Amino acid sequence: MQKLFFSCNFIAVLFLLLKFSYMNNLHRLEHWGDTHHSKWLDIVRVALGIFLCFKAISFLNSISVLQGMHGSTNMSAHSFSALAIGHVIVILQLLGGIFITLGLHTRLVSIVQIPLLVGAFVFLYVSGIPVGFAEVLLSALVLLLLILFIVEGNGPWSYDRLFHEEDKHDRSL
């Protein structure tokens, strides 16, 4: 019994050390990204956000094609759930593109966009809609840019930075 208690305490202490180490590294990475963000990356961030909005609308067209292939009169539960998931992906990707364009919570939105990007790609592949090599290459580039903005954050030309500076100004008064 005492061995079990000791091993549980050891695991709990190990977990806490890993958690604090992880959080410390995460805060260090976030600070580095905030202090080393170039202004040209904000232009790339805005272009990525606009591109994500464009791809969300394009993905919505693909869903319409898929719905037309199934027919609207006889829809099974599986095809209905696939279409519902597809519409959720479109809405979240469109909102994410808007948030990334404006620079609102860019790190969080980029983290959310990664599974959506993978899910949209898998959805198109499984549904039988042809996906070319250029589309795969473009998806890989968008994935790399999302990872970059998880590290880099919003940048100097963003609404988050604007709101943060206004808060500092209000506190000094």
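The values are calculated or read from the model by the stated rules, or taken from the named source; none is laboratory data. Bear in mind that the values here come from a model prediction, so they are computed numbers and not experimental data. As a convention, Cβ positions derive from the backbone with ideal geometry for all residues, glycine included, and neighbour counts pool all protein chains shown.
Evaluate the following for residue 77: is it farther than 22 Å from residue 159 by Cα, surrounded by 16 or more Cβ atoms within 10 Å (Cβ to Cβ), modelled with pLDDT under 75 and out of contact with any strand residue (DSSP E or B) (no Cβ under 9 Å at 6 or more places or on another chain)?
no
Consider the stretch 93-106. How many of its residues are farther than 13 Å from residue 46 by Cα and surrounded by 18 or more Cβ atoms within 10 Å (Cβ to Cβ)?
3
Considering only the stretch 126-173, state which residues are modelled with pLDDT of 80 or more and of a type in the set (Ser, Thr, Tyr).
Matches in the stretch 126-173: 139, 158, 159.
When you go through 85, 114 one by one, which is the residue that is part of a helix (DSSP H, G or I) and closer than 15 Å to residue 48 by Cβ?
Answer to the selection: 114.
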